[in-house]
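Below is one structure; the comments refer to it alone.
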Amino acid sequence: MSAAIESATDSESPLLTVRGLTTAFPAGGGELRVVDGVDLELRRGETFALVGESGCGKSMTAFSILRLLPAGARLDGEVRLDGADLLALPEAAMRRVRGRRIAMIFQEPMTSLNPVLTVGRQIQEVLERHLGLRGRVARERILELLAEVGIPDPGKRIDEYPHQLSGGMKQRVMIAMALAGEPELLIADEPTTALDVTIQAQVLRLLQRLQRERGMALLLITHDLGVVAQMADRVAVMYAGQVVEEARREDFLRHRRHPYTRRLFQALPEARRRGQPLATIPGSVPSRFDRIPGCRFAERCDIAQPLCRERAPELLPVAGQRVRCFAVDPRFAARFPSPPALDVATEAVPGSRQQAATPLLEVSGLKVHFPIRRGLLKREVGRVYAVDGVDMAIAAGRTLALVGESGCGKTTVGKAILQLIRPTAGSVRFDDTELTTLKGEALRRRRRELQLVFQDPFSSMNPRMRVEEIVAEGLIAQKMVRDRRERRERVAELLRQVGLRPEVMDRYPHEFSGGQRQRICIARALAVSPRLIVCDEPTSALDVSVQAQILNLLAELQREMGLAYLFITHNLSVVGYLAHEVAVMYLGRVVEQGPAEAVLADPRHPYTQALVSAVPRVEEGGREVIRLEGDPPSPIAPPPGCHFAPRCPWAEARCQEAYPPVTALGEGRWVRCFLYGD
Amino acid sequence: MDRVDFVTLALLLGLPPTLFALLAVGLDAKPVILWTDALLYLLVAAVTGFVLYARRRQDLRDTWRAVLRRPLGMAALVVLSAYGALGLVDSVHFRLPVSQGEGGEVHYAGESLSLFDLMATPLREGVEKTYSAPLAITAFVKETVERADGTRVREYPRLRYGGAHLDDPSRHRADVAARALWGAAQGALVAVAAFLLLAFLLARRHGWSWAEAAGRVLRGETTLPWWSALATLTVLLVLAGAVVQLAGGYHVFGTDKVGNDVLYQALKSVRTGLIIGTLTTLVMLPFALVLGVMAGYFRGWVDDVIQYLYTTLSSIPGVLLIAAAVLMLQVYMANHPELFETEAERADLRLFFLCVILGITSWTGLCRMLRGETLKLREMDYVTAARALGRRPGAILARHLTPNVLHIVLISVVLDFSGLVLAEAVLSYVGVGVDPSMHSWGNMINSARLEMAREPMVWWSLAAAFSFMFVLVLAANLFADAVRDAFDPRHARN
């Protein structure tokens, strides 16, 4: 945001004022205040980011402003839009505010659009309701809106159904719908969390542009500190229903004053923290946080003093910021240790660089094609080229990260290596055994050496089994224990190993948080003493602080047991932190591979370059973002020649003719691009 | 399993043998175990086992408590238990000794009786000449009666049993009212006793005083709605008390064409209805569960074969299939009378086969549903994890898929129950249902066809069958609703 706009808006009265907003739900005989006394102010043309981990009340704050709460919720405080108190409006008047003056876009574009109505019809509803536009006029306006949010060929798209659009397109349609009412305030609830990085970069840029053009206020709700650093003018951090820190972006990034914020930043995995454990926040958000008499973060705070548990701190102004912590209060500051220097990057642990001689897993020419069958005789009419020729090798004790956007086939590679999906062609050699030809009992016995950890900690455990049964499943399947007692002992040992108390073994999965569930899943995989673990996005469903715990655990297990990891992820910061080598996949093929540090610091393939540059980062400093247009093509009909050519800024004629061969760059690096050929 | 569970299990499983033993000693009776009896015991044992299992599984315990936490669910359960108890008492069969032959040889009656028959002996044996209205003391039609003085009069003759204890017919109404009130009072007394017992048990468990426990139950301040159970029980007991008292002197629901007590028939029909409703499910379940889960998990040709099977089966009209099978069975049974020792055994086998046939024709719906759910579940990560750990397909089906589709099984079983009870009535009406000699609501309704056509109308057979069936089906449906609400993941749990 330019300085001119900021200074112009400073003098105006705020567009949205929230004072003492409290939202409570009936819970167990009393009430749970999920939002507890939140104060916010938004000016026109300003982007205000509300940051926090899941369950901190940030989305609930947005829903409370729009009064879109489930029945039974109690709403208190004051929400003024241009002076008018929204909480005092009758419901009918409120409906004229929603969509017209305040619009909202949601996280999940797949479920926010009605699948049986065309895109145009859904936008038209808003136009009809709020602006009374109909017929030709409305259609023209819809076309304008679609063009404005950057949908190519709006004349065709207007009559299409949501399922015909990609995820990024759907989010654009959602934005067009939100803009249709010409709102003064746009609330975006995690607008890019479900999208890939390159698409995320497109959508964020679009939001920025629209806001500038229209002078809208934007309330951005997110958990991603990188997005905040890129987008926000002002930031508020929420914890347990309260705002704990509020600041301008520049101040926020420079001085993180609240201990929680500080920890959050330190928990971010980054390349420069390689080899050292990430900072974690011990424990979890207390369940009945509104009953805590003192500071709600005190239980997990590293500088907490007795005072913190007795009295609740107020939001104190400190040099243009507002912080809810006694440590910044001049009256009490002396009691606290001085805050440690902003995370110091130390040298990476040496000795992790040597290349092991013999690879544990060797994959060559791996192909997985899914036939598309039609008609009575199930004739094959086409193929999904999910994985189309992948080579890789992992040595014991090393981590290979497989990076790519959704749909590029990286999960299929993992499953094909484990023989959970039989490859169409190619070889998978594990410890000098060819896995693709193994069958029946032999394969079943071999399975114990290769294990799997999943992304979604909620669907990866059978809800009807106790933790003991879940963890012991491999022990039973591989006949590794003789009796019940031995089994329980072994399970207890495994639980301790992943940092859980053995007593939890008689509980059910639903009693655990996401991070704890992921630990149980790791224990289940460890039970059979594997040598390679395929981690399929193990942290992408988790909050930053929990992600740090799981990454630390994985790193520790690798050090202790010499495990090899195939780490499938779309998160490049995690790659930089954890992986030794990285392979970048695009549409079924690896386009670049090499040591992680080298690849991330100096990406060569245009796709890798775009990917690396599109990641929103916390560090300041201008850097060129290479913007990719369009969506990845379909694996059913991959483009001829280089798959990336249609989106590549450097595409030449020959890129469309043949797939580029492997070009070795030395130090174990190679790339498949004509730019480096010859 | 703790000690209490063992005791409960032992008691429940030991009950039928003990009853037989007592009967054998006390009455010199010869126990008869009919096919359906055996299966019913098996079912009771299975349900008991499941209850004990569910008590230890926290997830199951919580959902079942959610079923019982609904006042209507609790009330329905009380009504269903009453029917169930009646059905069980009616399922303990034996043959009484008739004569002592020479050398201590005992001959047994050709007719096998149930424990319920024994309890309802006055009803069973109080056979009138023909129709009589409910609670009447005279027959329903005029007869020519020869007086002592030789004159012949056409009048409504007094019944042989109904109101026989009344010397003065004018006291009829007063006597009926007195008996009904007295019975109701007795019932209420038992209800109060039950209330006190409940209060005592609750007081002991929660450490309350008696008065506090009683107060909490009445004000509905207990976690489970005991007041609802208690209210239902009271209504049932008051009605039962009145009916028992009245049945001692009258035919409460009148008599049918050959003078049999209609109340007795309606009560005997309870067992038939329950057996059709439950055993059919028992027959159907293995097909539906195994085939459905297999089709969903293995896909490919297994799926093709199973789908082919159930699409074919479900495109044949069910009634046609049932009629054909029952008629064939009938012919077979008629040609082989030597296979059956008693008439009851023959009727029972027909009932059993009716259950089997109904089961075979009705598994397709559930199978289709289970296949769909399994298709969804097989893509879950925990199934993939089990495969990656080297679990065999059989273990995955048994440990991961089946437990996670059981809620669908349960919901459809309780929903099907009432449908099957009604199906029996329809099939018996059409003539392809249970044996005509067997008491069933369908048979009662079938015979009511002619009774409704005559003038004056004989309505009580139909009314009795209708009301008994209605209460059972209503209770089953209400219970099914509660079960579905608690088990269906699509319904939000509060």
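Full extension of the chain between B:Thr151 and B:Arg69 yields a length gain of 22.7 nm, computed as 0.36 nm times the residue separation minus the alpha carbon distance.
Cα-Cα over 23 Å: which of B:Lys142/B:Lys257; A:Lys415/B:Lys376; A:Lys439/A:Lys479; A:Lys479/B:Lys376; A:Lys170/B:Lys376; B:Lys30/B:Lys129? Could you put the intermediate results ahead of the total?
Values: B:Lys142/B:Lys257 14 Å; A:Lys415/B:Lys376 18 Å; A:Lys439/A:Lys479 19 Å; A:Lys479/B:Lys376 29 Å; A:Lys170/B:Lys376 25 Å; B:Lys30/B:Lys129 32 Å.
Over 23 Å apart, Cα to Cα: A:Lys479/B:Lys376; A:Lys170/B:Lys376; B:Lys30/B:Lys129.
Mean per-residue shielding of peptide B:399-411 is 2, counting Cβ atoms of other chains within 10 Å of each Cβ. Here's the picture: charge each Lys and Arg Cβ at +1 and each Asp and Glu Cβ at -1 in chain A, and of A:Gly407, A:Ala247, A:Ala596 the one pushed furthest to the positive end of that dipole is A:Gly407. Rounded to the nearest 0.05, the FRET efficiency derived from the C-beta distance between B:Leu43 and B:Leu474 at R0 = 25 Å is 0.70.
Take each residue of peptide B:376-387, count the partner chain Cβ atoms within 10 Å of its Cβ, and average: the result is 6.
Each label was represented as a point 7 Å from its Cα along the Cα-to-Cβ direction; for B:Leu406 and A:Lys378 these points are 3.3 nm apart. Looking at the protein assembly as shown, the pairs of alpha carbons with a distance over 57 Å make up 34% of the total.
Taking the Cβ of A:Ala523 as the centre, find all other residues whose Cβ is under 10 Å away and add up their charges (Lys, Arg: +1; Asp, Glu: -1).
Neighbour charge sum, excluding A:Ala523 itself: +2.
Distant-in-sequence amide contacts of A:Arg383, defined by a placed amide H-H separation under 5 Å and a gap of 5 or more residues or a different chain, comprise A:Ile372. If you take the Cα centroid of the stretch B:140-158 and the Cα centroid of the stretch A:368-404, the two points sit 96 Å apart.
Highest-first packing order for the peptide set A:506-513, A:228-235 is A:228-235, A:506-513, based on the mean count of other beta carbon atoms within 10 Å.
If packing is taken as the average number of other Cβ atoms within 10 Å across a peptide's residues, how do B:290-298, A:519-527, B:426-434 rank, most packed first? Kindly include the intermediate steps, with their values, before the conclusion.
On the way: B:290-298: 21.8, A:519-527: 25.6, B:426-434: 19.9.
Ranked from most to least packed, the peptides come out as A:519-527, B:290-298, B:426-434.
Taking every residue in A:466-479 and counting other chain Cβ atoms within 10 Å of its Cβ, the average works out to 3.
Around B:Ala120, what is the net charge, scoring Lys/Arg as +1 and Asp/Glu as -1 over all other residues with Cβ under 12 Å from its Cβ?
Working: positive: B:Arg124, B:Lys268; negative: B:Asp90, B:Asp117, B:Glu125, B:Asp261.
That works out to -2.
Enclosing the Cα atoms of the stretch B:390-494 in their convex hull gives a volume equal to 143 cubic angstrom per residue. Ranked from largest, the principal axis spans of the Cα set of the stretch A:544-642 equal 46, 35, 24 Å.
Per-residue extension of 0.36 nm, minus the Cα-Cα distance of B:Trp301 and B:Ala453, leaves a gain of 49.1 nm for this segment.
What number does chain A give for Rg over Rh if you use C-alpha atoms and the Kirkwood radius? When Rh is taken as the Kirkwood radius, the ratio is 0.97. Counted as membrane-span-like here are DSSP H helices of chain B whose alpha-carbon atoms extend 24 Å or more along the helix's own axis and whose Kyte-Doolittle mean is 1.6 or above; these are B:3-27, B:71-89, B:226-247, B:318-335, B:402-430. For the pair A:Arg254 and A:Arg484, label points projected 7 Å from Cα toward Cβ lie 6.6 nm apart.
Taking the alpha carbon gyration tensor of chain B, what are the square roots of 5 times its eigenvalues, largest first, to the nearest whole Å?
On the way: eigenvalues 389, 189, 101 Å².
Value: 44, 31, 22 Å, ordered largest first.
Residues whose amide H comes within less than 5 Å of that of A:Thr47, counting only those at least five positions distant or on another chain, are A:Leu218, A:Asp233, A:Arg234 (H built at 1.01 Å from N in the peptide plane). Highest mean packing comes first when the peptides A:280-292, A:129-141, A:313-325 are listed by Cβ atoms within 10 Å, giving A:313-325, A:280-292, A:129-141. The simple Förster model, with R0 at 60 Å and r as the Cβ-Cβ distance, assigns A:Val116 and B:Thr121 a FRET efficiency of 0.35.
Between A:Arg429 and A:Arg209, what is the FRET efficiency for a Förster distance of 41 Å, r being their Cβ-Cβ separation, to the nearest 0.05? Walk me through the intermediate numbers first.
Values: r = 51 Å, r/R0 = 1.23.
Here the calculated transfer efficiency is 0.20.
What is the mean projected area of the alpha carbon convex hull for the stretch B:270-493, to one decimal in square nanometres? Each step should come with its number before you reach the end.
Numbers: hull surface 63.3 nm².
Average of the hull's projected areas for the stretch B:270-493 equals 15.8 nm².
First select every other residue whose beta carbon is under 11 angstrom from the beta carbon of B:Ala288; then total the charges, Lys and Arg +1, Asp and Glu -1.
Values: positive: B:Arg368, B:Arg371; negative: B:Asp416.
That sum, taken over residues with Cβ under 11 Å, equals +1.
Its alpha carbons give the stretch A:363-417 an Rg and a Dmax of 14.5, 50 Å. Please work out the C-alpha center-to-center distance from the stretch A:630-658 to the stretch A:411-466 and express it in whole Å. One Cα centre to the other: 31 Å. Reported to the nearest whole Å, the Cα centre-to-centre distance from the stretch B:29-54 to the stretch B:342-360 is 17.
The label point for A:Glu108 and the one for B:Leu339, both projected 7 Å from the Cα toward the Cβ, are 5.7 nm apart.
Throughout, read-outs are computed from the coordinates displayed, never taken from laboratory work. Because the structure is a prediction, the values reported are computed rather than measured. Don't worry about glycine lacking a Cβ; one is built from the backbone with ideal geometry, like all the others, and counts go over all protein chains shown.
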